[in-house]
1. What number of residues within the stretch 127-156 satisfy the criterion of being closer than 19 Å to MET88 by Cβ and assigned to a loop (DSSP other than H, G, I, E, B)?
2. What single numbered condition from (1) away from the ligand (no atom under 13 Å from the Cβ); (2) farther than 23 Å from PRO160 by Cα; (3) out of contact with any Pro (no Cβ under 6 Å at 6 or more places or on another chain) fails to hold for ALA107?
3. Scan the stretch 224-242 for residues that are touching a helix residue (DSSP H, G or I) at 6+ places or on another chain (Cβ under 9 Å) and surrounded by 10 or more Cβ atoms within 10 Å (Cβ to Cβ) and jot them down.
4. Every residue in the stretch 157-196 that is touching a helix residue (DSSP H, G or I) at 6+ places or on another chain (Cβ under 7 Å) and assigned to a helix (DSSP H, G or I), please.
5. Output the number of residues of the stretch 24-65 satisfying the condition of being within 16 Å of the ligand (Cβ to nearest atom) and either closer than 16 Å to ALA140 by Cα or buried (at least 17 other Cβ atoms within 10 Å of the Cβ) (or both).
6. Please determine, by comparing only the residues of the stretch 89-104 that are within 9 Å of the ligand (Cβ to nearest atom) and outside any loop (DSSP other than H, G, I, E, B), which one is surrounded by the fewest Cβ atoms within 10 Å (Cβ to Cβ).
7. Starting from the stretch 189-218, take each residue that is in contact (Cβ under 8 Å) with a residue 12 or more places away in the chain and list its partners that are among the aliphatic types (A, V, I, L, M) and surrounded by fewer than 14 Cβ atoms within 10 Å (Cβ to Cβ), counting only C-beta distances under 9 angstrom and pairs at least six apart or across chains.
Amino acid sequence: MSTAGPQSAPPATLDDVRGWFFAVDRHLFVWFLEQQKKAETPGNLIEMGAYLGRSAIMLGDYVREGETFTVCDLFDSEAPDEANSGEMAASYRDTLTRKAFESNYLAFHDALPDLVQAPTSVMSDGRVEPKSARFVHIDASHLYEHVIGDIAFAKETLSPEGVVVLDDYRSEHTPGVSAAVWEAVATMDLLPIVVSANKFYGTWGDPTPLQDLLLEELAEHPELTAYEERIRGNRIIRLRNKAGLKAPSFRTSRFHDHIVAERTAKAERERRLKEAEAAALPARAKRLAKDLLPPVATRAIRNARRGGR
Ligand SMILES: C[S@@+](CC[C@H](N)C(=O)[O-])C[C@H]1O[C@@H](n2cnc3c(N)ncnc32)[C@H](O)[C@@H]1O
């Protein structure tokens with residue numbers, strides 16, 4: 001995790017939205033969502049843990065007519081327990097408000113998703129139809145007790161064609177996510193599709209067609225290398241990306257042209273100011289010499305110059 005921090009201005013591009021949604025996963029999200037679009041896989045989209053909207057903004061582009069996109073986050077409300085509260089204080093409290101999420105989201109979309117400002121545990125209270133979702137991104141609390149509940153919710157909610165994505169399944173600072181993910185693989189029938197450095201992609205349906213297609217398409221992507229392994233007899237694809245992999249392009253925000261025009265005007269003003277300062281330098285140096293040197297020295301310099309002519 002690296003890019004948290006105050007976001008002082010409206011975003012011109014998705015990269016201006018602070019968050020933890022990196023190039024390789026942006027490629028994988030696009031790939032999975034495009035496959036679903038091509039196959040006309042029906043279903044809703046759900047994100048648990050949105051922060052300032054970096055991944056939610058992209059997901060919002062894939063909601064089709066008749067589908068819903070639900071985003072659940074605590075935003076600026078209280079966490080349900082002390083450990084979760086500590087997590088919030090350490091990582092998000094100084095920067096995260098619901099208002100900031102909404103402004104970022106509306107910079108790219110005409111309407112907000114269905115927002116649930118609450119702990120993710122409320123998602124299992126019957127507000128979402130079982131087997132009605134095709135994509136669930138779990139990126140809220142990274143503590144074991146929360147994540148295992150989020151996975152159980154995803155299992156109930158995803159259709160067989162659906163994909164669940166789990167953030168930080170292998171980081172040193174998130175052992176709870178690792179424990180929950182591999183427990184789900186071992187005891188909850190979760191089948192891995194692919195893993196990146198940051199995220200685990202899995203399904204409760206058949207991963208084989210998606211894996212075959214992904215391997216086929218990766219062969220044409222030299223910046224990404226795929227490795228195959230087996231866990232308890234099930235195939236898992238491991239994806240490595242070359243350093244400096246660029247994220248897929250994403251449309252700009254509604255403020256882009258205005259922000260770029262402002263940035264250009266500011267750069268031009270600064271350039272003109274520097275030019276004027278540089279031009280004023282010799283005159284100012286002359287004035288300074290006149291003010292600082294004693295009259296005898298000034299006269300001597302003047303005489304020497306006259307004599308030298
Ligand atoms: C790592 S951030 C999400 C990053 C985001 N997906 C992105 O792309 O940048 C985790 C988010 O989970 C939220 N969160 C933490 N614990 C939560 C809980 N118990 N229920 C709901 N949201 C929670 C935090 O408020 C924070 O916004």
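The numbers here are math on the coordinates, done by the rules we state, and not lab data. Quick caveat: nothing in here was measured; it's all calculated off a predicted structure. Note: ideal-geometry Cβ built from the backbone for every residue, glycine included; neighbour counts use all protein chains shown.
1. Qualifying residue count for the region: 5.
2. For ALA107, the failing item is (3).
3. LEU224, THR225, ALA226, GLU228, ILE231, ASN234, ARG235, ILE236, ILE237, LEU239, ARG240, ASN241
4. Passing the criteria: GLY176, VAL177, ALA179, ALA180, GLU183, ALA184.
5. Adding up the residues that qualify gives 26.
6. The residue in question is SER91.
7. What qualifies is PRO192/ILE231.
Residue-wise test of (1) outside any helix (DSSP H, G or I); (2) touching a helix residue (DSSP H, G or I) at 6+ places or on another chain (Cβ under 6 Å); (3) touching a residue at least 40 places away in the same chain (Cβ under 8 Å).
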residue	(1), (2), (3)
THR252	yes, no, yes
ILE259	no, no, yes
GLU270	no, no, no
GLU277	no, no, no
ASP291	no, no, no
ALA300	no, no, no
